[in-house]
Amino acid sequence: MEKDSCRVLNTEIVFPHYTNHIGTIFGGKLVELMDLTGALSAMRFAVDNVVTASIEALDFKIPVKQGDILELEAEVIYTGKTSMVLKVDAYNRENFGEKKQFCCRGYFVFVAIDSSGRPKRIPKLKVETEQERSFWEEGKLIKQRSLRRE
């Protein structure tokens, strides 16, 4: 069975307790928010619980400051038998502005699990457009790299 990707959008305001001594978001906090948004998308796709199996390197492009609006977008880009790769993008809006700025992208590998905590089969991702095929190939490489690290 093939299934469309489950895109999840999440919005947060960057509160003072999310930030470091210079007023920008802790990298670990941003990763946590990206992981949570990715997990929600993965759970919707798998229709079950998931666990994070790996995270690819993240490059922070611009600072996210206290008071900024942080927008996170996650979607499944590749599926295996029990695992999936998700692309999670982070954007910010300064001072509630209309201009959305790209902050970073992360690729997260999640594994669907059953009620016993064992890996569970998931549907295959439906891939139709050129962009979806391009992301599929990128996700496939990410999954292969994660397997080589085992």
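Residues Thr79, Thr19: which one is buried (at least 16 other Cβ atoms within 10 Å of the Cβ) and over 23 Å from Ile142 (Cα atoms)? On inspection, the qualifying residue turns out to be Thr19. Which ones in region 47-61 are touching a helix residue (DSSP H, G or I) at 6+ places or on another chain (Cβ under 7 Å), among the aliphatic types (A, V, I, L, M) and in a loop (DSSP other than H, G, I, E, B)? Matches in region 47-61: Leu58 only. Residues that are in contact with a Ser or Thr (Cβ under 9 Å, 6 or more places away or on another chain) and over 30 Å from Lys65 (Cα atoms) do not occur anywhere in region 86-109.
Of all the listed residues (Gly38, Gly67), the sole one being modelled with pLDDT of 95 or more and under 16 Å from Glu12 (Cβ atoms) is Gly38. Filtered by the rule that a residue be free of Cβ contacts under 8 Å to residues at least 24 places away in the same chain and over 24 Å from Leu141 (Cα atoms), region 23-75 gives Phe26, Gly28, Lys29, Val47.
Check Lys99, Lys120, Lys124 and return the single one that is charged (D, E, K, R), out of contact with any Phe, Trp or Tyr (no Cβ under 7 Å at 6 or more places or on another chain), exposed (fewer than 15 other Cβ atoms within 10 Å of the Cβ) and within 24 Å of Val47 (Cα to Cα). I'd like the intermediate steps shown before the answer.
Details: Lys99 fails: within 24 Å of Val47 (Cα to Cα); Lys120 fails: exposed (fewer than 15 other Cβ atoms within 10 Å of the Cβ).
Sole residue among the options that is charged (D, E, K, R), out of contact with any Phe, Trp or Tyr (no Cβ under 7 Å at 6 or more places or on another chain), exposed (fewer than 15 other Cβ atoms within 10 Å of the Cβ) and within 24 Å of Val47 (Cα to Cα): Lys124.
When the criteria are applied in full, Leu33 fails the requirement of being farther than 30 Å from Ser116 by Cβ and among the hydrophobic types (A, V, I, L, M, F, W, C).
Just to be sure before I move on: is Val14 crowded, with 20+ Cβ neighbours inside 10 Å and touching a Gly at 6+ places or on another chain (Cβ under 7 Å) in the structure I sent? Even if it seems obvious, please write down each step before you answer.
Working: crowded, with 20+ Cβ neighbours inside 10 Å: yes; touching a Gly at 6+ places or on another chain (Cβ under 7 Å): yes.
When the stated conditions are applied, Val14 passes them.
The values are calculated or read from the model by the stated rules, or taken from the named source; none is laboratory data. Remember, it's a predicted structure, so these values are computed and weren't measured experimentally. All Cβ positions, even for glycine, are placed from backbone atoms using ideal geometry, and neighbour counts span all protein chains on display.
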